[in-house]
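Take a look at the structure below.
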Amino acid sequence: LIVCLTGMPGAGKSTIADGLKSKGYDVINMGNVVRTEAKNRNLEPTGPNLGKLMIELREKNGQGAIAELVVSQIENTKSKVVIIDGIRSNAELEVLRKHGTVKLLAIHASTNTRFGFLKQRGRSDDPQTKENFEDRDNREIGIGISNSIALSDETISNNNLTKDELIDYSLKIIKDWIK
């Protein structure tokens, strides 16, 4: 089972992934693949640099390019359930469907909630201004994330949940999928 997490930046995907990892699930982060590629190219891991690289990889190698880069990690896992953090397009789902049963979990959060989460998270590519935040949202929408969100198997609204509630809710959904 390949459980794919999708949602706009800051919605809570990585929080869920980290929580599931602590419960023994194998987690693969799509953004980390892009960060690794940036490091290989000696690019500073800023939001604009990673965004340009993500788009470049998709333009050069197809819309499923980032998913292609995680296939070996999926194939090398011993786990029966793998969590993929950061699906952004249906083309990525098509790549993953060749390697297992795919379920898509969308995480929603309001714009203000997401911006607040991102400012607190402090990753090098997190936007610190509303303008950077809106640019990032527009880039994500431009590569098809809204289609993935719309076609999800389940959704979680993360506007008023605690971290533990968010993780527990996602875990319940995944356990239902395993049945």
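Numbers below:
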item	result
Residue match in the stretch 143-151 (condition: more than 27 Å from Ala67 (Cβ to Cβ) and in contact with a strand residue (DSSP E or B) (Cβ under 9 Å, 6 or more places away or on another chain))	no
Close pairs (8 angstrom Cβ cut-off, 6 or more residues apart or separate chains): over 19 Å from Arg35 (Cβ atoms) in the stretch 54-67, open to solvent by 80 Å² or more (accessible area, probe 1.4 Å) and not aliphatic (A, V, I, L, M) anywhere	Gly62/Glu68
Sole exception among (1) more than 17 Å from Gly142 (Cα to Cα); (2) open to solvent by less than 20 Å² (accessible area, probe 1.4 Å); (3) assigned to a helix (DSSP H, G or I); (4) of a type in the set (Asp, Glu) for Asp85, by number	(3)
Flag for Ser157 being within 16 Å of the chain's Cα centre (by Cα) and either closer than 30 Å to Lys80 by Cβ or not polar (S, T, N, Q) (or both)	yes
Test: Glu75 is open to solvent by 80 Å² or more (accessible area, probe 1.4 Å), under 24 Å from Tyr25 (Cα atoms), assigned to a helix (DSSP H, G or I) and out of contact with any Cys (no Cβ under 7 Å at 6 or more places or on another chain)	yes
Per-region count, the stretch 1-35, residues over 8 Å from the mean Cα position of the chain (by Cα) and outside any loop (DSSP other than H, G, I, E, B)	17
Members of the stretch 102-128 found to be of a type in the set (Asp, Glu) and in a helix (DSSP H, G or I), listed by number	none
Residue satisfying all of: in the stretch 131-150; touching a helix residue (DSSP H, G or I) at 6+ places or on another chain (Cβ under 7 Å) and either among the hydroxyl-bearing types (Ser, Thr, Tyr) or open to solvent by 60 Å² or more (accessible area, probe 1.4 Å) (or both); farthest from Gly19 (Cα to Cα) among these	Asn132
Residue among Asp26, Asp18 that is without any contact (Cβ under 8 Å) to a residue 60 or more places away in the chain and within 19 Å of Leu161 (Cβ to Cβ)	Asp18
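The values are calculated or read from the model by the stated rules, or taken from the named source; none is laboratory data. Small disclaimer: the values here were computed from a predicted structure and weren't measured. Here the Cβ is made from the backbone with ideal geometry for all residues, glycine too, and neighbour counts use every protein chain on show. Heads up: the accessible areas ignore ligands, DNA and RNA and are worked out on the full protein's heavy atoms, side chains in. Shrake-Rupley method; radii C 1.70, N 1.55, O 1.52, S 1.80 Å.
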